[in-house]
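Worksheet: the structure to be examined is printed underneath.
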Amino acid sequence: MPPAYFFELSGEHKVMCAAEAKKCIEAETGGLGPVTEGPGYVIAEFDDAHIQDIVDRISLTHRIGRHLCSFDPDDVSSVNDVELPTGTFAVRCRRFEARMKEVDSQDLVRKVGGILSKNNDVRLKNPDLEVHMIMSDRVHLFLGEKEVDRNALETRKVGERPFFSPISLHPRYARALINLTGAKRGSTVLDPFCGTGGIALEAAMMGMKAMVSDFDEEMVMGTQENMDFYHLELHDSAVADVSDIHDAFGEVDVIATDPPYGRSTHTGGEPIDSIYRRALKAFDETVAPDGCAGVILPHRMDVESMRLEAYYEQRVHGSLSRHYHLLRH
């Protein structure tokens with residue numbers, strides 16, 4: 001039986017964080033085995049050979065480690081069955097969204113630490129092992145084996161790129177959008193509204209073949225400039241209207257895109273929803289039969305030609321929300 005891994009989710013979205021974790025597992029392992037999920041976490045079984053590949057691509061998770069046990073705060077007996085690897089340890093406790101307020105967390109840490117110290121010595125500073133305790137719907141223990149480097153994403157946010165626009169998807173969400181499509185390493189990922197290339201950057205960073213187009217030549221050239229800046233390869237590009245992407249690229253595995261919207265959007269006089277409808281029709285023609293289109297729009301849209309596999313609404317600020325559409329044939 002493969003080991004069970006605990007994903008401590010970052011919590012930006014109540015549903016999307018868990019969905020991204022499961023899609024990353026599926027893409028890297030070739031399937032999704034038994035999964036348990038709850039507020040702020042996912043527990044999944046898979047071979048440990050895949051753990052680093054998952055860590056390298058996931059964006060809406062803080063850390064991943066071997067699941068040790070789960071229990072109710074008034075019964076810690078299951079901790080007796082936990083066997084830690086050799087070395088000193090410390091217990092690090094966090095509440096997810098201030099849950100279990102009535103429970104004394106420090107008392108719980110002492111109880112758990114007392115049981116685990118029967119076979120391993122406690123060392124609070126620089127221990128060999130960090131046992132993470134998450135207080136959520138239950139209390140969950142896991143080894144802190146892999147930390148997701150979310151700071152690296154900040155080095156690619158819009159203001160850090162040589163070519164940028166103030167309106168751009170944060171790398172964290174660009175990467176999450178790609179992951180939600182289930183894109184695999186080596187697959188072709190097309191952004192037909194490339195803007196400054198944020199989605200292409202993340203696709204290439206994850207080992208995918210990044211492809212871009214835009215009706216504005218300056219955006220395509222700027223995307224190439226940004227790719228060069230981060231020493232990444234752009235697999236293909238074209239200056240093209242979204243209706244022409246099939247002629248420009250043929251069939252692709254995945255489309256991941258955040259089309260422009262808002263008052264500052266230049267549409268040449270065409271109503272913005274008309275552009276979206278043309279785009280969705282073009283996506284149906286261009287995405288491979290087993291592929292996926294991940295599209296962020298300023299509102300929910302019904303799509304007749306493709307099946308809506310999943311939908312997530314993300315509140316940004318004020319009246320602005322992003323609506324994630326995951327579409328398949």
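In this structure, does E97 turn out to be more than 11 Å from M133 (Cβ to Cβ), in contact (Cβ under 8 Å) with a residue 60 or more places away in the chain and surrounded by fewer than 12 Cβ atoms within 10 Å (Cβ to Cβ)?
Details: more than 11 Å from M133 (Cβ to Cβ): yes; in contact (Cβ under 8 Å) with a residue 60 or more places away in the chain: yes; surrounded by fewer than 12 Cβ atoms within 10 Å (Cβ to Cβ): yes.
So E97 passes the test.
Against the definition (part of a helix (DSSP H, G or I), among the small types (G, A, S) and either within 25 Å of D149 (Cα to Cα) or in contact with a helix residue (DSSP H, G or I) (Cβ under 9 Å, 6 or more places away or on another chain) (or both)), how does A204 come out, yes or no?
Working: part of a helix (DSSP H, G or I): yes; among the small types (G, A, S): yes; either within 25 Å of D149 (Cα to Cα) or in contact with a helix residue (DSSP H, G or I) (Cβ under 9 Å, 6 or more places away or on another chain) (or both): yes.
Spelling it out, A204 is indeed part of a helix (DSSP H, G or I), among the small types (G, A, S) and either within 25 Å of D149 (Cα to Cα) or in contact with a helix residue (DSSP H, G or I) (Cβ under 9 Å, 6 or more places away or on another chain) (or both).
Show me the strands (runs of 3 or more DSSP E) entirely contained within region 54-143 in which 2 or more residues are under 30 Å from M205 (Cα atoms) and among the hydrophobic types (A, V, I, L, M, F, W, C). Give the derivation first.
Working: elements: 61-71, 89-95, 129-135, 139-143.
It comes to 139-143.
Is there any pair with a first residue in region 1-24 that is at positive phi and a second that is assigned to a helix (DSSP H, G or I) and of a type outside the set (V, I, T) whose Cβ atoms are under 7 Å apart and which are 6 or more apart or on different chains, and what are they?
As it stands, the answer is G11/C17, since those pairs meet every condition given.
Could you list all residues from region 178-201 that are part of a loop (DSSP other than H, G, I, E, B) and within 22 Å of G30 (Cβ to Cβ)? Full working, then the answer.
So the first thing to find is which residues in region 178-201 are part of a loop (DSSP other than H, G, I, E, B), and the list is 181-187, 192-197.
Of everything in region 178-201, those that are part of a loop (DSSP other than H, G, I, E, B) and within 22 Å of G30 (Cβ to Cβ) turn out to be T181, G182, A183, K184, R185, G186, S187.
Give the residues of region 150-202 that are in contact (Cβ under 8 Å) with a residue 24 or more places away in the chain and among the acidic types (D, E), sorted by residue number.
Passing the criteria: D191, E202.
What number of residues in region 174-214 are more than 23 Å from I275 (Cα to Cα) and acidic (D, E)?
Qualifying residue count for the region: 1.
Please work out if L232 is modelled with pLDDT of 95 or more and either in a strand (DSSP E or B) or not hydroxyl-bearing (S, T, Y) (or both). Explain how you work it out, then say what you get.
Numbers: modelled with pLDDT of 95 or more: yes; either in a strand (DSSP E or B) or not hydroxyl-bearing (S, T, Y) (or both): yes.
It is true that L232 is modelled with pLDDT of 95 or more and either in a strand (DSSP E or B) or not hydroxyl-bearing (S, T, Y) (or both).
Looking only at region 213-229, which residues are surrounded by fewer than 18 Cβ atoms within 10 Å (Cβ to Cβ) and not in a helix (DSSP H, G or I)?
If the condition is that a residue be surrounded by fewer than 18 Cβ atoms within 10 Å (Cβ to Cβ) and not in a helix (DSSP H, G or I), then D216 is the only one that fits.
Which residue pairs have Cβ atoms closer than 9 Å, lie 6 or more positions apart in sequence or on different chains, and pair a first residue in region 74-94 that is more than 21 Å from L124 (Cα to Cα) with a second residue that is in a loop (DSSP other than H, G, I, E, B)?
D74/V103
Note down all Cβ pairs under 9 Å where the first residue falls in region 41-58 and is closer than 8 Å to Y5 by Cα, the second is open to solvent by 60 Å² or more (accessible area, probe 1.4 Å) and acidic (D, E), and they're at least six residues apart or on different chains.
Going by the 9 Å Cβ cut-off, the qualifying pairs are I43/E37; A44/E37.
Yes or no: V139 open to solvent by less than 70 Å² (accessible area, probe 1.4 Å), closer than 21 Å to H50 by Cα and β-branched (V, I, T)?
Values: open to solvent by less than 70 Å² (accessible area, probe 1.4 Å): yes; closer than 21 Å to H50 by Cα: no; β-branched (V, I, T): yes.
Considered against the rule, which asks whether it is open to solvent by less than 70 Å² (accessible area, probe 1.4 Å), closer than 21 Å to H50 by Cα and β-branched (V, I, T), V139 comes out as no.
Regarding region 16-39, can at least one residue be identified that is surrounded by fewer than 14 Cβ atoms within 10 Å (Cβ to Cβ), under 16 Å from H132 (Cα atoms) and in contact with an Asp or Glu (Cβ under 6 Å, 6 or more places away or on another chain)?
Our first condition is that a residue be surrounded by fewer than 14 Cβ atoms within 10 Å (Cβ to Cβ); within region 16-39, this holds for 30-31, 34.
Remaining after also requiring under 16 Å from H132 (Cα atoms): none.
Checked region 16-39: no residue is surrounded by fewer than 14 Cβ atoms within 10 Å (Cβ to Cβ), under 16 Å from H132 (Cα atoms) and in contact with an Asp or Glu (Cβ under 6 Å, 6 or more places away or on another chain).
Within region 184-203, which residues are surrounded by fewer than 24 Cβ atoms within 10 Å (Cβ to Cβ) and on the phi > 0 side of the Ramachandran plot?
G186
D149 is checked against (1) under 30 Å from Y5 (Cα atoms); (2) of a type outside the set (A, V, I, L, M, F, W, C); (3) open to solvent by less than 10 Å² (accessible area, probe 1.4 Å) and fails just one. What number does that condition carry?
(3)
So K146 fits all but one of (1) of a type in the set (K, R); (2) over 16 Å from V55 (Cα atoms); (3) in contact with a strand residue (DSSP E or B) (Cβ under 6 Å, 6 or more places away or on another chain); what number is the exception?
Of (1) of a type in the set (K, R); (2) over 16 Å from V55 (Cα atoms); (3) in contact with a strand residue (DSSP E or B) (Cβ under 6 Å, 6 or more places away or on another chain), only one is false for K146: (2).
Return yes when E12 is under 15 Å from V148 (Cβ atoms), surrounded by fewer than 16 Cβ atoms within 10 Å (Cβ to Cβ) and charged (D, E, K, R) and no when it is not. Before the answer, list the steps.
Working: under 15 Å from V148 (Cβ atoms): yes; surrounded by fewer than 16 Cβ atoms within 10 Å (Cβ to Cβ): yes; charged (D, E, K, R): yes.
Answer is yes for this residue.
The values are calculated or read from the model by the stated rules, or taken from the named source; none is laboratory data. Nothing here was measured: the structure is a model prediction, and the numbers come from that model. Positions of Cβ are backbone-derived with ideal geometry, glycine not excepted, and every protein chain shown enters the neighbour counts. Ligands, DNA and RNA are excluded from the accessible area calculation, which covers all protein heavy atoms including side chains. Shrake-Rupley method; radii C 1.70, N 1.55, O 1.52, S 1.80 Å.
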